[in-house]
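J.: Sharing a structure below in C-alpha coordinates format, with a few things to ask.
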Amino acid sequence: MSLAEAPSPSPSSSSGSDDFAALLDAELELASGADSAFPDDPSSASPATDDEGEEEDSEEEVEVEVPEQNGAKRRRVEEQRQDQGMSIRPGKIATGPSKNVQVELCPHPGYFGGLCYRCGKPQDEEDVSGVAFGYIHKGLRLGTSEIDRLRGSNLKNLLRERKLVLILDLDHTLINSTKLQHISSTENELGIRTAALKDDPDRSIFTLDSMQMLTKLRPFVHNFLKEASNMFDMYIYTMGDKAYAIEIAKLLDPTNVYFPSKVISNSDCTQQHQKGLDVILGAESVAVILDDTEYVWQKHKENLILMERYHYFASSCREFGFGVRSLSESMQDERESDGALATVLDVLKRIHAIFFDTAAETDLSSQDVRQVIKMVRKEVLKGCKLVFSRVFPNNARPQEQMMWKMAERLGAVCSTDVDSTVTHIVAVDLGTEKAHWAAGNKKFLVHPRWIEAANFRWHRQPEEDFPVVPPKVKSRDEVNAVTGQNETSKDKEENAVAGVKETINDRKEENDADGQKDKDDAKENAVATTATGPADS
(Lines give C-alpha, C1' and ligand atoms only; values in the text may rest on other atoms or scores of the structure.)
Protein backbone atom coordinates (compact mmCIF):
# COMPACT_ATOMS: atom_id res chain seq x y z
CA MET A 1 0.00 0.00 0.00
CA SER A 2 1.37 3.38 -0.96
CA LEU A 3 1.76 6.07 1.64
CA ALA A 4 -0.82 8.22 -0.08
CA GLU A 5 -3.42 5.47 0.30
CA ALA A 6 -2.69 4.52 3.88
CA PRO A 7 -5.66 4.16 6.23
CA SER A 8 -6.37 7.15 8.43
CA PRO A 9 -6.94 7.30 12.18
CA SER A 10 -9.99 8.73 13.87
CA PRO A 11 -10.73 12.36 12.92
CA SER A 12 -11.12 13.29 16.55
CA SER A 13 -7.39 13.07 17.05
CA SER A 14 -5.95 13.41 13.59
CA SER A 15 -4.86 15.97 11.06
CA GLY A 16 -7.03 17.67 8.47
CA SER A 17 -6.10 15.16 5.76
CA ASP A 18 -6.86 12.21 8.03
CA ASP A 19 -10.07 13.94 9.11
CA PHE A 20 -11.07 14.24 5.50
CA ALA A 21 -10.35 10.58 4.74
CA ALA A 22 -12.82 9.59 7.47
CA LEU A 23 -15.25 12.30 6.35
CA LEU A 24 -15.18 11.04 2.77
CA ASP A 25 -16.19 7.55 3.85
CA ALA A 26 -19.06 9.00 5.86
CA GLU A 27 -20.25 11.08 2.91
CA LEU A 28 -20.13 8.03 0.63
CA GLU A 29 -22.24 6.11 3.14
CA LEU A 30 -24.75 8.97 3.21
CA ALA A 31 -24.93 9.01 -0.57
CA SER A 32 -25.47 5.25 -0.60
CA GLY A 33 -28.35 5.63 1.84
CA ALA A 34 -29.91 8.34 -0.28
CA ASP A 35 -29.60 6.18 -3.38
CA SER A 36 -31.59 3.37 -1.79
CA ALA A 37 -34.54 5.72 -1.31
CA PHE A 38 -35.15 6.17 -5.03
CA PRO A 39 -38.50 4.74 -6.29
CA ASP A 40 -36.80 2.62 -8.96
CA ASP A 41 -34.43 1.04 -6.44
CA PRO A 42 -35.50 -2.56 -5.80
CA SER A 43 -34.54 -2.22 -2.16
CA SER A 44 -37.22 0.44 -1.72
CA ALA A 45 -40.01 -1.30 -3.65
CA SER A 46 -43.00 -2.53 -1.68
CA PRO A 47 -45.95 -4.72 -2.67
CA ALA A 48 -48.14 -3.02 -0.05
CA THR A 49 -51.63 -1.72 -0.81
CA ASP A 50 -52.51 1.97 -0.80
CA ASP A 51 -53.81 1.73 2.78
CA GLU A 52 -50.66 0.03 3.92
CA GLY A 53 -48.62 2.65 2.10
CA GLU A 54 -50.38 5.43 4.03
CA GLU A 55 -49.56 3.73 7.30
CA GLU A 56 -45.95 3.34 6.24
CA ASP A 57 -45.83 7.05 5.45
CA SER A 58 -46.32 7.82 9.11
CA GLU A 59 -44.86 4.80 10.85
CA GLU A 60 -42.37 2.75 8.91
CA GLU A 61 -38.64 3.56 8.98
CA VAL A 62 -36.67 2.24 6.07
CA GLU A 63 -33.46 0.54 7.16
CA VAL A 64 -30.63 1.20 4.73
CA GLU A 65 -27.84 -1.32 4.41
CA VAL A 66 -24.50 0.38 3.95
CA PRO A 67 -21.96 -1.77 2.09
CA GLU A 68 -18.80 -2.36 4.04
CA GLN A 69 -16.36 -1.91 1.19
CA ASN A 70 -15.50 1.54 -0.11
CA GLY A 71 -15.56 0.16 -3.64
CA ALA A 72 -19.25 -0.72 -3.29
CA LYS A 73 -20.00 2.71 -1.88
CA ARG A 74 -18.17 4.26 -4.77
CA ARG A 75 -20.20 2.28 -7.36
CA ARG A 76 -23.47 3.27 -5.74
CA VAL A 77 -22.52 6.96 -5.88
CA GLU A 78 -21.58 6.64 -9.53
CA GLU A 79 -24.91 4.95 -10.30
CA GLN A 80 -26.83 7.65 -8.48
CA ARG A 81 -25.85 10.68 -10.69
CA GLN A 82 -28.52 13.11 -9.53
CA ASP A 83 -28.66 15.65 -12.34
CA GLN A 84 -30.56 18.09 -10.17
CA GLY A 85 -27.72 18.32 -7.65
CA MET A 86 -30.02 17.50 -4.72
CA SER A 87 -29.60 15.19 -1.77
CA ILE A 88 -32.19 13.41 0.37
CA ARG A 89 -31.75 13.28 4.09
CA PRO A 90 -31.96 9.77 5.55
CA GLY A 91 -34.52 9.13 8.22
CA LYS A 92 -38.23 8.56 7.72
CA ILE A 93 -38.43 8.15 3.96
CA ALA A 94 -41.76 7.54 2.23
CA THR A 95 -42.06 4.77 -0.31
CA GLY A 96 -45.29 6.17 -1.76
CA PRO A 97 -45.89 9.78 -2.75
CA SER A 98 -42.81 11.94 -2.22
CA LYS A 99 -44.58 14.87 -0.56
CA ASN A 100 -42.89 14.18 2.80
CA VAL A 101 -39.38 13.63 1.42
CA GLN A 102 -36.93 16.25 2.76
CA VAL A 103 -34.98 17.69 -0.15
CA GLU A 104 -32.20 20.26 0.02
CA LEU A 105 -29.80 21.73 -2.49
CA CYS A 106 -26.37 20.11 -2.24
CA PRO A 107 -23.56 22.64 -1.75
CA HIS A 108 -21.15 20.28 -3.56
CA PRO A 109 -18.37 20.53 -0.94
CA GLY A 110 -16.00 18.50 -3.08
CA TYR A 111 -15.63 16.07 -5.95
CA PHE A 112 -14.21 12.59 -5.97
CA GLY A 113 -13.48 11.09 -9.37
CA GLY A 114 -15.55 13.81 -11.02
CA LEU A 115 -18.62 13.23 -8.83
CA CYS A 116 -19.81 15.23 -5.87
CA TYR A 117 -19.04 12.97 -2.93
CA ARG A 118 -22.23 14.09 -1.17
CA CYS A 119 -24.93 13.88 -3.85
CA GLY A 120 -23.20 12.12 -6.74
CA LYS A 121 -23.76 14.88 -9.29
CA PRO A 122 -21.08 14.94 -12.03
CA GLN A 123 -18.80 17.94 -11.94
CA ASP A 124 -19.51 20.49 -14.66
CA GLU A 125 -16.65 20.98 -17.10
CA GLU A 126 -16.57 24.70 -16.39
CA ASP A 127 -16.77 24.17 -12.62
CA VAL A 128 -13.09 23.72 -11.76
CA SER A 129 -13.01 25.86 -8.63
CA GLY A 130 -11.38 24.66 -5.45
CA VAL A 131 -8.07 22.85 -4.95
CA ALA A 132 -7.02 19.34 -5.95
CA PHE A 133 -5.86 17.13 -3.07
CA GLY A 134 -4.59 14.15 -5.04
CA TYR A 135 -2.05 13.26 -2.37
CA ILE A 136 -4.94 12.42 0.00
CA HIS A 137 -7.17 10.62 -2.53
CA LYS A 138 -6.60 10.40 -6.26
CA GLY A 139 -9.16 12.49 -8.12
CA LEU A 140 -10.16 14.53 -5.06
CA ARG A 141 -10.98 18.23 -5.36
CA LEU A 142 -12.32 20.34 -2.48
CA GLY A 143 -14.23 23.60 -2.60
CA THR A 144 -13.14 26.69 -0.70
CA SER A 145 -15.84 26.38 1.96
CA GLU A 146 -15.00 22.76 2.64
CA ILE A 147 -11.28 23.55 2.90
CA ASP A 148 -12.03 26.29 5.42
CA ARG A 149 -14.26 23.92 7.40
CA LEU A 150 -11.62 21.20 7.51
CA ARG A 151 -8.89 23.66 8.48
CA GLY A 152 -11.03 25.01 11.29
CA SER A 153 -11.72 21.50 12.57
CA ASN A 154 -8.06 20.59 12.24
CA LEU A 155 -6.99 23.72 14.14
CA LYS A 156 -9.19 22.84 17.10
CA ASN A 157 -7.80 19.31 17.23
CA LEU A 158 -4.19 20.48 16.98
CA LEU A 159 -4.50 23.13 19.69
CA ARG A 160 -6.22 20.64 21.97
CA GLU A 161 -3.28 18.27 21.48
CA ARG A 162 -0.71 21.14 21.79
CA LYS A 163 0.55 20.61 18.26
CA LEU A 164 1.46 22.83 15.31
CA VAL A 165 1.95 21.99 11.62
CA LEU A 166 5.46 21.31 10.22
CA ILE A 167 6.13 21.21 6.45
CA LEU A 168 9.41 19.50 5.56
CA ASP A 169 11.35 19.79 2.32
CA LEU A 170 13.40 16.74 1.24
CA ASP A 171 16.44 17.48 -0.94
CA HIS A 172 19.25 19.34 0.84
CA THR A 173 17.04 19.60 3.95
CA LEU A 174 16.49 16.03 5.17
CA ILE A 175 18.48 14.16 2.52
CA ASN A 176 20.89 14.48 -0.40
CA SER A 177 20.48 12.38 -3.55
CA THR A 178 22.54 11.80 -6.69
CA LYS A 179 22.18 9.87 -9.91
CA LEU A 180 24.44 6.82 -10.14
CA GLN A 181 25.91 8.20 -13.36
CA HIS A 182 26.97 11.38 -11.50
CA ILE A 183 29.05 9.62 -8.84
CA SER A 184 32.61 10.95 -8.95
CA SER A 185 35.66 8.75 -9.48
CA THR A 186 36.79 9.49 -5.93
CA GLU A 187 33.42 8.38 -4.53
CA ASN A 188 33.64 5.18 -6.56
CA GLU A 189 37.15 4.50 -5.31
CA LEU A 190 35.93 4.94 -1.72
CA GLY A 191 33.24 2.30 -2.31
CA ILE A 192 30.21 4.52 -1.79
CA ARG A 193 27.93 2.26 -3.85
CA THR A 194 29.03 -0.78 -1.88
CA ALA A 195 28.21 1.00 1.38
CA ALA A 196 24.68 1.64 0.11
CA LEU A 197 24.13 -2.08 -0.49
CA LYS A 198 25.14 -3.25 2.99
CA ASP A 199 22.45 -4.97 5.03
CA ASP A 200 22.93 -2.70 8.02
CA PRO A 201 19.87 -1.37 9.89
CA ASP A 202 21.88 1.67 11.00
CA ARG A 203 23.14 2.68 7.57
CA SER A 204 22.23 6.12 6.26
CA ILE A 205 22.95 5.69 2.56
CA PHE A 206 20.58 3.80 0.26
CA THR A 207 20.23 2.76 -3.37
CA LEU A 208 16.98 3.54 -5.20
CA ASP A 209 17.29 0.86 -7.87
CA SER A 210 14.19 1.82 -9.82
CA MET A 211 15.49 5.38 -10.17
CA GLN A 212 19.21 4.63 -10.49
CA MET A 213 19.99 6.91 -7.56
CA LEU A 214 21.81 7.02 -4.24
CA THR A 215 20.22 8.81 -1.29
CA LYS A 216 22.01 9.88 1.90
CA LEU A 217 19.95 10.66 5.00
CA ARG A 218 21.10 13.73 6.90
CA PRO A 219 22.62 12.92 10.30
CA PHE A 220 20.12 13.00 13.19
CA VAL A 221 17.11 12.80 10.85
CA HIS A 222 15.43 9.85 12.60
CA ASN A 223 15.73 11.41 16.05
CA PHE A 224 14.59 14.71 14.61
CA LEU A 225 11.40 13.21 13.17
CA LYS A 226 10.65 11.29 16.35
CA GLU A 227 10.93 14.35 18.57
CA ALA A 228 9.27 16.73 16.15
CA SER A 229 6.25 14.42 15.79
CA ASN A 230 5.43 15.05 19.46
CA MET A 231 5.04 18.76 18.74
CA PHE A 232 3.89 18.88 15.12
CA ASP A 233 1.57 17.34 12.57
CA MET A 234 4.11 16.79 9.78
CA TYR A 235 3.96 16.93 5.98
CA ILE A 236 6.56 16.19 3.31
CA TYR A 237 6.53 18.82 0.55
CA THR A 238 9.01 18.44 -2.31
CA MET A 239 9.44 19.72 -5.83
CA GLY A 240 10.45 16.17 -6.76
CA ASP A 241 8.22 13.70 -8.58
CA LYS A 242 5.53 11.74 -6.75
CA ALA A 243 7.29 8.37 -7.16
CA TYR A 244 10.53 9.81 -5.79
CA ALA A 245 8.75 11.47 -2.86
CA ILE A 246 7.04 8.20 -1.91
CA GLU A 247 10.32 6.25 -2.01
CA ILE A 248 12.09 8.79 0.21
CA ALA A 249 9.14 8.84 2.60
CA LYS A 250 9.50 5.07 2.98
CA LEU A 251 13.14 5.53 3.97
CA LEU A 252 12.32 8.26 6.48
CA ASP A 253 9.12 6.71 7.78
CA PRO A 254 9.14 2.94 7.11
CA THR A 255 6.21 2.28 9.45
CA ASN A 256 4.09 5.12 8.00
CA VAL A 257 3.68 6.84 11.37
CA TYR A 258 4.76 10.40 10.55
CA PHE A 259 3.40 11.06 7.05
CA PRO A 260 0.18 9.10 6.37
CA SER A 261 -1.55 10.77 3.40
CA LYS A 262 0.79 13.75 3.81
CA VAL A 263 3.38 13.38 1.02
CA ILE A 264 3.11 16.32 -1.38
CA SER A 265 5.08 16.49 -4.65
CA ASN A 266 5.41 18.78 -7.67
CA SER A 267 2.23 17.41 -9.28
CA ASP A 268 0.22 18.71 -6.30
CA CYS A 269 1.43 22.32 -6.59
CA THR A 270 -1.11 24.88 -7.77
CA GLN A 271 1.52 27.27 -9.16
CA GLN A 272 4.50 26.35 -11.32
CA HIS A 273 7.88 26.45 -9.55
CA GLN A 274 6.20 27.56 -6.32
CA LYS A 275 5.15 25.80 -3.14
CA GLY A 276 2.05 26.97 -1.30
CA LEU A 277 0.08 26.28 1.85
CA ASP A 278 -3.13 26.15 -0.19
CA VAL A 279 -2.67 22.37 -0.51
CA ILE A 280 -2.15 21.93 3.24
CA LEU A 281 -5.22 21.20 5.38
CA GLY A 282 -3.73 23.19 8.22
CA ALA A 283 -4.12 26.85 9.12
CA GLU A 284 -1.31 29.23 8.07
CA SER A 285 -1.29 30.61 11.61
CA VAL A 286 0.14 27.32 12.95
CA ALA A 287 2.34 26.28 9.98
CA VAL A 288 6.15 26.17 10.20
CA ILE A 289 8.19 25.44 7.07
CA LEU A 290 11.70 23.95 6.90
CA ASP A 291 13.27 24.38 3.45
CA ASP A 292 16.69 25.22 2.02
CA THR A 293 15.19 27.36 -0.77
CA GLU A 294 13.46 30.63 0.02
CA TYR A 295 12.22 31.70 -3.42
CA VAL A 296 9.78 28.77 -3.76
CA TRP A 297 7.83 30.14 -0.77
CA GLN A 298 7.17 33.66 -2.06
CA LYS A 299 3.77 33.86 -0.34
CA HIS A 300 4.84 32.32 2.95
CA LYS A 301 8.28 33.68 3.88
CA GLU A 302 7.09 34.51 7.39
CA ASN A 303 6.39 30.81 8.00
CA LEU A 304 9.81 29.74 6.72
CA ILE A 305 12.89 28.66 8.64
CA LEU A 306 15.69 28.56 6.08
CA MET A 307 17.87 25.46 6.33
CA GLU A 308 21.57 25.24 5.61
CA ARG A 309 21.91 23.08 2.50
CA TYR A 310 23.15 19.53 2.95
CA HIS A 311 25.77 18.81 0.27
CA TYR A 312 26.97 15.25 0.81
CA PHE A 313 27.64 14.06 -2.74
CA ALA A 314 30.14 15.58 -5.14
CA SER A 315 27.43 16.19 -7.74
CA SER A 316 25.57 18.38 -5.25
CA CYS A 317 28.63 20.56 -4.72
CA ARG A 318 29.14 20.86 -8.48
CA GLU A 319 25.47 21.75 -9.01
CA PHE A 320 25.79 24.75 -6.70
CA GLY A 321 29.19 25.81 -7.99
CA PHE A 322 31.38 24.71 -5.07
CA GLY A 323 34.79 23.72 -6.35
CA VAL A 324 35.69 21.78 -3.21
CA ARG A 325 35.80 18.19 -2.07
CA SER A 326 32.40 16.96 -0.96
CA LEU A 327 31.67 15.40 2.42
CA SER A 328 31.54 11.98 0.78
CA GLU A 329 34.93 12.47 -0.90
CA SER A 330 36.41 13.71 2.38
CA MET A 331 34.82 10.82 4.30
CA GLN A 332 33.22 13.34 6.66
CA ASP A 333 29.69 14.26 7.66
CA GLU A 334 27.73 16.62 9.89
CA ARG A 335 27.81 15.81 13.58
CA GLU A 336 24.56 14.49 15.02
CA SER A 337 24.98 16.45 18.24
CA ASP A 338 25.22 19.93 16.72
CA GLY A 339 24.45 19.52 13.04
CA ALA A 340 21.75 21.39 11.15
CA LEU A 341 18.84 19.16 12.22
CA ALA A 342 19.84 19.11 15.89
CA THR A 343 20.15 22.90 15.80
CA VAL A 344 16.79 23.51 14.16
CA LEU A 345 15.09 21.03 16.52
CA ASP A 346 16.10 23.27 19.42
CA VAL A 347 14.63 26.24 17.56
CA LEU A 348 11.37 24.37 16.96
CA LYS A 349 11.16 23.49 20.66
CA ARG A 350 11.52 27.17 21.58
CA ILE A 351 8.87 28.21 19.07
CA HIS A 352 6.48 25.50 20.30
CA ALA A 353 7.02 26.44 23.95
CA ILE A 354 6.48 30.14 23.35
CA PHE A 355 3.36 29.52 21.26
CA PHE A 356 1.63 27.36 23.89
CA ASP A 357 3.13 28.47 27.18
CA THR A 358 2.94 32.25 26.82
CA ALA A 359 -0.76 32.35 25.96
CA ALA A 360 -3.74 31.48 28.07
CA GLU A 361 -5.65 28.42 26.89
CA THR A 362 -8.56 30.59 25.74
CA ASP A 363 -6.25 32.74 23.61
CA LEU A 364 -4.60 29.92 21.66
CA SER A 365 -6.90 30.26 18.66
CA SER A 366 -5.70 33.84 18.18
CA GLN A 367 -2.00 32.94 18.43
CA ASP A 368 0.06 33.19 15.23
CA VAL A 369 3.24 31.14 14.90
CA ARG A 370 4.60 33.63 12.35
CA GLN A 371 4.86 36.25 15.08
CA VAL A 372 6.61 33.74 17.33
CA ILE A 373 9.15 32.89 14.61
CA LYS A 374 9.80 36.59 14.06
CA MET A 375 10.30 37.19 17.78
CA VAL A 376 12.69 34.25 18.25
CA ARG A 377 14.71 35.28 15.18
CA LYS A 378 15.11 38.85 16.42
CA GLU A 379 16.79 37.59 19.56
CA VAL A 380 19.77 36.20 17.60
CA LEU A 381 21.70 39.48 17.04
CA LYS A 382 19.85 41.64 19.52
CA GLY A 383 22.16 44.35 20.93
CA CYS A 384 24.48 44.38 17.88
CA LYS A 385 24.95 47.49 15.74
CA LEU A 386 26.61 46.82 12.38
CA VAL A 387 28.34 48.95 9.78
CA PHE A 388 29.23 47.39 6.42
CA SER A 389 32.48 48.25 4.66
CA ARG A 390 32.84 47.50 0.94
CA VAL A 391 30.43 44.58 1.19
CA PHE A 392 27.89 46.06 -1.24
CA PRO A 393 28.35 47.53 -4.75
CA ASN A 394 29.17 51.23 -4.72
CA ASN A 395 26.04 52.23 -6.63
CA ALA A 396 23.62 50.16 -4.51
CA ARG A 397 21.47 51.30 -1.60
CA PRO A 398 22.71 49.30 1.43
CA GLN A 399 19.21 49.12 2.93
CA GLU A 400 18.03 47.10 -0.09
CA GLN A 401 20.80 44.49 0.05
CA MET A 402 20.08 40.94 1.21
CA MET A 403 22.79 40.93 3.91
CA TRP A 404 21.49 44.18 5.44
CA LYS A 405 17.92 42.84 5.55
CA MET A 406 19.08 39.52 6.99
CA ALA A 407 20.93 41.27 9.82
CA GLU A 408 17.85 43.36 10.64
CA ARG A 409 15.63 40.26 10.69
CA LEU A 410 18.07 38.78 13.20
CA GLY A 411 17.58 41.78 15.48
CA ALA A 412 20.69 43.81 14.63
CA VAL A 413 20.68 47.56 13.99
CA CYS A 414 22.43 48.50 10.73
CA SER A 415 24.03 51.86 9.97
CA THR A 416 26.15 53.47 7.29
CA ASP A 417 28.16 55.64 9.72
CA VAL A 418 30.49 54.68 12.55
CA ASP A 419 30.10 56.01 16.06
CA SER A 420 30.71 54.85 19.60
CA THR A 421 27.55 52.70 19.64
CA VAL A 422 28.71 50.50 16.74
CA THR A 423 29.67 47.00 17.88
CA HIS A 424 30.72 45.33 14.60
CA ILE A 425 32.30 46.30 11.30
CA VAL A 426 31.39 43.80 8.58
CA ALA A 427 34.00 43.74 5.83
CA VAL A 428 35.86 41.59 3.33
CA ASP A 429 38.96 43.80 3.19
CA LEU A 430 41.35 44.72 6.01
CA GLY A 431 42.52 47.84 4.19
CA THR A 432 39.36 49.93 4.41
CA GLU A 433 39.09 53.00 6.60
CA LYS A 434 36.27 51.46 8.63
CA ALA A 435 38.28 48.29 9.15
CA HIS A 436 41.13 50.38 10.56
CA TRP A 437 38.63 52.22 12.75
CA ALA A 438 37.39 48.91 14.17
CA ALA A 439 40.93 47.85 15.05
CA GLY A 440 41.74 51.21 16.64
CA ASN A 441 38.53 51.31 18.69
CA LYS A 442 38.50 47.66 19.74
CA LYS A 443 35.34 46.82 17.82
CA PHE A 444 34.56 43.45 16.28
CA LEU A 445 35.73 43.08 12.69
CA VAL A 446 33.93 40.15 11.05
CA HIS A 447 33.37 38.62 7.63
CA PRO A 448 29.79 38.65 6.19
CA ARG A 449 29.69 34.89 6.72
CA TRP A 450 29.27 35.67 10.43
CA ILE A 451 25.76 36.97 9.68
CA GLU A 452 24.94 34.01 7.42
CA ALA A 453 26.06 31.55 10.09
CA ALA A 454 23.91 33.27 12.70
CA ASN A 455 20.97 33.07 10.31
CA PHE A 456 21.33 29.30 9.90
CA ARG A 457 22.35 28.50 13.48
CA TRP A 458 19.87 30.85 15.19
CA HIS A 459 22.58 31.88 17.66
CA ARG A 460 25.19 34.62 17.66
CA GLN A 461 28.40 32.94 16.53
CA PRO A 462 31.89 33.53 18.00
CA GLU A 463 33.35 36.50 16.13
CA GLU A 464 36.85 35.01 16.18
CA ASP A 465 35.62 32.18 13.94
CA PHE A 466 34.89 34.65 11.12
CA PRO A 467 37.93 36.89 10.74
CA VAL A 468 38.61 39.20 7.84
CA VAL A 469 41.76 37.83 6.23
CA PRO A 470 44.23 39.65 3.97
CA PRO A 471 43.38 39.29 0.29
CA LYS A 472 45.28 36.67 -1.67
CA VAL A 473 47.76 37.93 -4.28
CA LYS A 474 46.00 37.58 -7.60
CA SER A 475 47.62 35.62 -10.38
CA ARG A 476 47.90 37.02 -13.88
CA ASP A 477 44.94 34.88 -15.01
CA GLU A 478 42.75 36.30 -12.24
CA VAL A 479 43.75 39.86 -13.14
CA ASN A 480 42.95 39.18 -16.80
CA ALA A 481 39.54 37.78 -15.82
CA VAL A 482 38.74 41.00 -13.97
CA THR A 483 40.11 43.45 -16.55
CA GLY A 484 38.73 41.58 -19.52
CA GLN A 485 42.14 40.95 -21.06
CA ASN A 486 42.64 37.69 -22.93
CA GLU A 487 45.78 35.71 -23.45
CA THR A 488 46.94 35.59 -27.03
CA SER A 489 47.43 32.24 -28.68
CA LYS A 490 51.16 32.86 -28.46
CA ASP A 491 50.88 33.36 -24.68
CA LYS A 492 48.95 30.11 -24.34
CA GLU A 493 51.50 28.16 -26.36
CA GLU A 494 54.36 29.57 -24.31
CA ASN A 495 52.53 28.84 -21.02
CA ALA A 496 51.84 25.30 -22.13
CA VAL A 497 55.55 24.79 -22.65
CA ALA A 498 56.85 26.82 -19.74
CA GLY A 499 54.20 25.80 -17.17
CA VAL A 500 54.07 28.53 -14.54
CA LYS A 501 56.13 30.97 -16.67
CA GLU A 502 54.15 33.73 -18.36
CA THR A 503 56.61 33.91 -21.24
CA ILE A 504 60.01 32.32 -21.66
CA ASN A 505 61.74 35.67 -22.24
CA ASP A 506 60.03 37.66 -19.48
CA ARG A 507 60.04 35.06 -16.72
CA LYS A 508 63.16 32.92 -17.27
CA GLU A 509 65.54 34.86 -15.07
CA GLU A 510 62.97 35.39 -12.33
CA ASN A 511 62.07 31.72 -12.16
CA ASP A 512 65.73 30.72 -12.08
CA ALA A 513 66.16 32.87 -8.99
CA ASP A 514 62.85 32.11 -7.30
CA GLY A 515 62.12 28.58 -8.53
CA GLN A 516 62.24 27.06 -5.10
CA LYS A 517 59.96 29.78 -3.72
CA ASP A 518 57.36 29.00 -6.42
CA LYS A 519 57.44 25.32 -5.49
CA ASP A 520 56.96 26.13 -1.82
CA ASP A 521 54.04 28.45 -2.66
CA ALA A 522 52.39 25.77 -4.78
CA LYS A 523 52.61 23.24 -1.94
CA GLU A 524 51.23 25.76 0.51
CA ASN A 525 48.25 26.56 -1.74
CA ALA A 526 47.45 22.88 -2.21
CA VAL A 527 47.41 22.31 1.54
CA ALA A 528 45.26 25.39 2.09
CA THR A 529 42.72 24.24 -0.52
CA THR A 530 42.45 20.80 1.06
CA ALA A 531 42.05 22.23 4.54
CA THR A 532 39.29 24.64 3.60
CA GLY A 533 37.38 22.28 1.32
CA PRO A 534 34.99 20.55 3.76
CA ALA A 535 34.45 23.72 5.76
CA ASP A 536 33.49 25.74 2.66
CA SER A 537 30.95 23.13 1.63
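The values are calculated or read from the model by the stated rules, or taken from the named source; none is laboratory data. Just so it is clear, the model here is predicted, and its values are computed rather than measured. Please note: Cβ atoms are built from the backbone with ideal geometry, for glycine as well, and neighbour counts cover all protein chains shown. To get the accessible areas, we keep the full protein, side chains included, count just its heavy atoms, and leave off ligands, DNA and RNA. Shrake-Rupley method; radii C 1.70, N 1.55, O 1.52, S 1.80 Å.
J.: Per residue, how much accessible area does the stretch 229-273 show when a 1.4 Å probe rolls over the protein heavy atoms, in square angstrom? Kindly include the intermediate steps, with their values, before the conclusion.
T.: Details: 1780 Å² over 45 residues.
Accessible area per residue: 40 Å².
J.: Spelling out what I want: for every residue of the stretch 313-318, take phi, set θ = phi - 60°, compute 6.51 cos²θ - 1.76 cosθ + 1.60 (Karplus), and round to whole Hz; glycine and proline get x.
T.: Result, rounded to whole Hz: 7, 4, 5, 5, 5, 5.
J.: Looking at the stretch 215-303, which GluC sites (Glu not before Pro) are DSSP coil and have at most 15 other C-beta atoms within 10 Å of their C-beta? Write out the running numbers ahead of the final one.
T.: Numbers: sites: GLU227, GLU247, GLU284, GLU294, GLU302; in loops: GLU294.
Those that pass, being in a loop and sparsely packed, are GLU294.
J.: Given a 1.4 Å probe and every protein chain left where it sits, what share in percent of the accessible area of the stretch 278-371 is carbon and sulfur?
T.: 45 percent
J.: Taking a threshold of 18 Å on the Cα-Cα distance, which of the pairs LYS163/LYS382; LYS374/LYS405; LYS405/LYS442 fall above it? If you can, show how the numbers build up before the last one.
T.: Details: LYS163/LYS382 29 Å; LYS374/LYS405 13 Å; LYS405/LYS442 25 Å.
Beyond 18 Å: LYS163/LYS382; LYS405/LYS442.
J.: What residues qualify as long-range amide H neighbours of PHE232, i.e. H under 5 Å apart, gap of 5 or more or another chain, H built at 1.01 Å from N?
T.: Residues meeting the amide H criterion: LEU164.
J.: May I ask for the Rg/Rh ratio of the stretch 295-402, computed from Cα atoms with Rh as the Kirkwood radius, given to two decimals? List each step's numbers first, then the result.
T.: Values: Rg = 18.9 Å, Rh = 17.8 Å.
Here the Rg-to-Rh quotient is 1.06.
J.: Would you mind checking the pairs LYS226/LYS349; LYS301/LYS385; LYS301/LYS349; LYS349/LYS385; LYS156/LYS250 and listing those with alpha carbons more than 18 angstrom apart?
T.: Numbers: LYS226/LYS349 13 Å; LYS301/LYS385 25 Å; LYS301/LYS349 20 Å; LYS349/LYS385 28 Å; LYS156/LYS250 29 Å.
In this structure, LYS301/LYS385; LYS301/LYS349; LYS349/LYS385; LYS156/LYS250 lie more than 18 Å apart at Cα.
J.: Additional query: Rank by packing, highest mean first: peptides 262-272, 303-313, with packing defined as the count of other Cβ atoms within 10 Å averaged across residues. List each step's numbers first, then the result.
T.: Details: 262-272: 17.6, 303-313: 21.5.
Put in order of decreasing packing, that is 303-313, 262-272.
J.: If you don't mind, there's one more thing I want to ask. Could you check the spin-label model distance between GLU302 and GLU336? Points 7 Å from the Cα along Cα→Cβ, value in nm.
T.: Computed distance between label sites GLU302 and GLU336 equals 3.8 nm.
J.: Ordered by residue, what ³J(HN,Hα) values in Hz, to whole numbers, does the stretch 111-123 give under the Karplus form 6.51 cos²θ - 1.76 cosθ + 1.60, where θ = phi - 60° and Gly and Pro are x?
T.: 10, 10, x, x, 10, 4, 6, 9, 10, x, 5, x, 6
J.: How much length is gained if the chain between THR255 and ASP202 is pulled fully straight, taking 0.36 nm per residue apart and subtracting their Cα-Cα distance, in nm to one decimal? Intermediate results must be reported in sequence, preceding the final value.
T.: Numbers: separation 53, 0.36 × 53 = 19.08 nm, distance 1.58 nm.
Full extension from THR255 to ASP202 adds 17.5 nm.
J.: Using the heavy atoms of the protein chains and a 1.4 angstrom probe, tell me the accessible area per residue for the stretch 274-433 in square angstrom. Let's see the in-between values first.
T.: Values: 7520 Å² over 160 residues.
Accessible area per residue: 47 Å².
J.: In terms of the ratio Rg/(2.2 N^0.38 Å) built on C-alpha atoms, what value belongs to the stretch 178-294? Kindly include the intermediate steps, with their values, before the conclusion.
T.: On the way: Rg = 16.0 Å, N = 117, 2.2 N^0.38 = 13.4 Å.
This ratio for the stretch 178-294 stands at 1.19.
J.: Using alpha carbons only, how many angstrom separate the centre of the stretch 179-255 from the centre of the stretch 346-386?
T.: Value for the Cα centre distance between the two parts: 32 Å.
J.: How big, on average over all directions, is the shadow cast by the Cα convex hull of the stretch 426-472, in nm²? Walk me through the intermediate numbers first.
T.: Numbers: hull surface 13.4 nm².
Seen from a random direction, the Cα hull of the stretch 426-472 projects 3.4 nm² on average.
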